Structures are given as structure tokens and as C-alpha cells.
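J.: Got a structure for you, written out below as C-alpha cells; questions coming shortly.
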Amino acid sequence: MDLSDVHAALSTKSYAALAPLCDDLLLQVTSRGAATDDWPYAVHLLAHLFLNDLNSARFLWKSTPQEAKDARPELAAVWKIGQCLWNRDYSGVYTAAQGFEWNPEIADFVTAFLESYRKRIFQLLTSAYSTISIADVAHFMGMNEEDATNYAMHNCWSLDATTKMLTVVKPKVKTNQKLDASKLQRLTECVFHLEH
């Protein structure tokens, strides 16, 4: 089984490409009836979690041979992250990811997953709240209160130190108007008629 494309994607940090790549390769391998004993299930599972594709991650977990689940602690550790995501245990995601000694091949991928997850959670907090306590931000972001405050303030939120509340600054929505030739022509005609 040739996993060079998977290793190349990991080494170039093309993490978003890993899930479809692994899906296609696993399908090819299993359709030929080849053994999947050496399949990188942990990488494959983490690739689905990286894309926030929990349904595909659950399907992969359920179809993974029990022998692989029992023999590979790293695979079980990735699944623990998936369980926390599924159960919306926000702080548990960070605890599960940071509480395991990852092998060097996947360690950078786990770090990238956590960064992506943290950004996604921060965007959700930004869209869901106008004010939020520092403790809640710390909980959702998997940080201590000081780091959570610094992260929020770095993203232009403001702090009320007496109430320990952060005020969310919503990003300004930019609307780009598409100006095609016909709209420009109508505008020109309108201006022309107003001048004459």
C-alpha cells in the first residue's frame, strides 16, 4: 500500500487535503481486498475532525477494525477528541488533544487542528454573543483567563475589568457591489438626463 501521498500532505502541512485523499486511498485499498493493517487510521480520523466532518469521522471509527482500535493508543486518543467534539465538550477537546504524547508525524497536525478549532470557536462566540464573561471565553477556548482575555483583546474585543466581561466587536461586513457594463451604462444615462 503506497501512502507516499499521505506522508507528502503531512510534511507540506496540506491538512485540508488529507481527508479526501485518505478516503480515496482507503477505498482503493479495500476494493482490491488488500489488508489495511498499516492504514494510518489516526491521521485519517484527525483529517475528518480537522474539516469538522463529524459524521465521516464517526463512520470511519465504526468501520475501523477492532484490532486497530485496541492496538493503537494514538487512534483512541484522536477518537477521544472526536467524542468531545460530538458531545460539545469544548474544554475536553483541548484536554484530550494536549493530554496525549503524539508521535512526531502527527504532532504538528494535532497542533494545526487545535489552532483551526480555536479560530472556529472564536468565530462562533463572536457571532453568538455581544458580551461574555472571561471565564466562559476561557472555557470555550481551552485557555486560562489571562490568555483568553489577551486573545479576545488582540481580536479587538474590549474588557470591563470590574465585571470581568468582554464586549464582542462584530466584524464589519463588507459588501462588494458588482458593477457590470449594463449598470454602468444605466448610471451614465441617468446622470446624463439629470444634467440636461
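The values are calculated or read from the model by the stated rules, or taken from the named source; none is laboratory data. Values in this document were obtained by computation on a predicted structure and should not be read as measured data. Ideal geometry is used to build each Cβ from the backbone, glycine not excepted, and the neighbour counts take in all protein chains shown. Heads up: the accessible areas ignore ligands, DNA and RNA and are worked out on the full protein's heavy atoms, side chains in. Shrake-Rupley method; radii C 1.70, N 1.55, O 1.52, S 1.80 Å.
J.: In segment 1-108, which GluC sites (Glu not before Pro) are in a loop and have at most 12 other Cβ atoms within 10 Å, using DSSP for the loop call?
T.: Working: sites: GLU67, GLU74, GLU101, GLU105; in loops: GLU101.
Loop-located and lightly packed - GLU101.
J.: Let me ask another. I'd like the orientation of helix 18-31 relative to the chain: the angle between its Cα long axis and the longest Cα principal axis, in ° from 0 to 90, rounded to 10.
T.: So the inclination is approximately 40 degrees.
J.: Take a quick pass over the chain and tell me how many lysine pairs come in under 27 angstrom between Cα atoms, counting only ones 8 or more apart or on separate chains.
T.: Lysine pair count for the chain: 15.
J.: Rg over Rh of segment 48-88, using C-alpha atoms and the Kirkwood radius, what does it come to? Intermediate values should be presented prior to the final figure.
T.: On the way: Rg = 9.9 Å, Rh = 10.4 Å.
Radius of gyration relative to Kirkwood radius: 0.96.
J.: For segment 141-162 and segment 1-46, what is the separation of their C-alpha centers, rounded to whole Å?
T.: Segment 141-162 and segment 1-46 have Cα centres separated by 38 Å.
J.: Could you look at segment 1-41 and say what percent of its accessible area is carbon and sulfur, using a 1.4 Å probe and all protein chains?
T.: On the way: 1230 of 2350 Å².
Summing carbon and sulfur atoms, their accessible area is 52 percent of the total for segment 1-41.
J.: I need the trypsin sites (Lys or Arg not before Pro) found in segment 45-135, filtered to DSSP loop residues with at most 15 other beta carbons within 10 Å of theirs. If you can, show how the numbers build up before the last one.
T.: Values: sites: ARG58, LYS62, LYS69, LYS80, ARG88, ARG118, LYS119, ARG120; in loops: ARG88.
Here the trypsin sites (Lys or Arg not before Pro) that fit, given the DSSP loop and packing criteria, are ARG88.
J.: According to the square roots a ≥ b ≥ c of the eigenvalues of the Cα gyration tensor, what is the shape class of segment 100-175, taking rounded for a/c under 1.5, prolate for a/b larger than b/c otherwise, and oblate for the remainder?
T.: Details: a/c = 2.97, a/b = 1.62, b/c = 1.83.
It comes out oblate by the Cα gyration axes.
J.: Report the local net charge at MET165: Lys and Arg +1, Asp and Glu -1, summed over other residues whose C-beta lies under 14 Å from its C-beta.
T.: Overall, the nearby charge balance is -2.
J.: When a/c is below 1.5 the answer is rounded, else prolate if a/b is larger than b/c, else oblate, so apply that to segment 1-59 with a ≥ b ≥ c taken from the square roots of the Cα gyration tensor eigenvalues.
T.: Working: a/c = 2.11, a/b = 1.23, b/c = 1.72.
The shape class here is oblate.
J.: Could you pull the Rg and Dmax for the chain, using just the Cα atoms, both in Å?
T.: Using the Cα atoms of the chain, the pair Rg, Dmax is 23.5, 84 Å.
J.: Hey, could you grab the Kirkwood Rh for segment 84-125? Inverse mean 1/r over distinct alpha carbon pairs, Å, one decimal.
T.: Averaging 1/r across every pair of different Cα atoms and inverting gives 10.9 Å.
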